[in-house]
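Here's the structure, in structure tokens; my notes come after.
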Amino acid sequence: MIKALLSFAVSLIAIFWVACSAFAAGHPAFETNRRTIAGCLCICGIVLCLLGLVGAHRKAAAAEADADSDPTPEPESDGEPHAPSSGLSPFSPHYWGVIFGLMGVAVLFIRPLYKTTAVAAVPKPPPPAVHKPPPEPRPVPAARPVPDTVVLPKLKLQGILYQQNNPAAIINGKTYFMGDRVEGVEILVVARNFVSVRFEGATNSLWLRQ
């Protein structure tokens, strides 16, 4: 009988453990009130155990009273007195008190049976781009008209000192480099045998006479 009651208690606690692991553990409400649930189950177990002990004490007192009123000893079957009954049964309060106490302790150690995986939030699609019209082009100022005939100042190319890095030209007896100005004329290019100049928007070439 005791083995059957023990097996039933272990099976009941195992079912309670699996059910809580599968359906309760991991939920915010259960995790927040885990200690409260364990405490309530333990208190119920203690109360049931106390009720069982009080009932057993009353039964023992009633048995002693009956024995005192009837002093005739019970017949012995094999010459030995009967062992006192433990009073443990599926309907005894202290039996269920022990089960509720073990359930309360188990609540503190229950873990989720299935691991929950966090699902990444799907990002919202970006709002459609608003195509702005291109800015209106700014009016380009009209170029200054170049006169049809541009008369260069009197320039005489007398020699060229040609160097690949910094060539120079001798004009009107003076040495000039690219970018210099002589009488308002800008020297653009100094080649081996000519010089390209610009005057009032018009370009021209001065050739070196052999």
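Within the set GLY26, GLY52, the sole residue that is at positive phi and either among the small types (Gly, Ala, Ser) or in contact with a Pro (Cβ under 6 Å, 6 or more places away or on another chain) (or both) turns out to be GLY26.
Consider the stretch 110-133 and keep the residues that are within 13 Å of the chain's Cα centre (by Cα) and among the aliphatic types (A, V, I, L, M). The one that is modelled with the highest pLDDT is VAL122.
Take the residues in the stretch 152-210 that are in a loop (DSSP other than H, G, I, E, B) and in contact with a Pro (Cβ under 8 Å, 6 or more places away or on another chain), then tell me which one is surrounded by the fewest Cβ atoms within 10 Å (Cβ to Cβ). Steps first, answer last, please.
Here is the first cut: in the stretch 152-210, the ones in a loop (DSSP other than H, G, I, E, B) are 152-156, 162-167, 172-173, 178-180, 183-184, 191-193, 200-201, 208-210.
Cutting the leftovers down to in contact with a Pro (Cβ under 8 Å, 6 or more places away or on another chain) gives us 178, 183-184, 191, 200.
Details: MET178: 15, GLU183: 11, GLY184: 9, ALA191: 14, GLU200: 12.
Within the stretch 152-210, the match that is surrounded by the fewest Cβ atoms within 10 Å (Cβ to Cβ) is GLY184.
Against the definition (more than 19 Å from ALA202 (Cα to Cα) and either at pLDDT below 85 or touching a Ser or Thr at 6+ places or on another chain (Cβ under 7 Å) (or both)), how does VAL151 come out, yes or no? It is false that VAL151 is more than 19 Å from ALA202 (Cα to Cα) and either at pLDDT below 85 or touching a Ser or Thr at 6+ places or on another chain (Cβ under 7 Å) (or both). Pairs are defined by a Cβ separation below 7 Å, a sequence spacing of at least 6 or placement on different chains, a first member in the stretch 1-12 that is over 14 Å from MET103 (Cα atoms), and a second member that is in a helix (DSSP H, G or I) and of a type outside the set (D, E, K, R); the pairs so defined are LEU5/TYR95. Show the residue pairs that are 6+ apart or on different chains and have beta-carbon atoms under 7 Å apart, the first residue being within the stretch 179-196 and on the phi < 0 side of the Ramachandran plot, the second being basic (Lys, Arg) and part of a strand (DSSP E or B). As it stands, the answer is GLU186/ARG198; LEU188/ARG198, since those pairs meet every condition given.
The values are calculated or read from the model by the stated rules, or taken from the named source; none is laboratory data. Since the structure is predicted, the reported quantities are computational estimates derived from the model, not experimental observations. Positions of Cβ are generated from backbone atoms using ideal geometry, with glycine treated the same way; all protein chains shown enter the neighbour counts.
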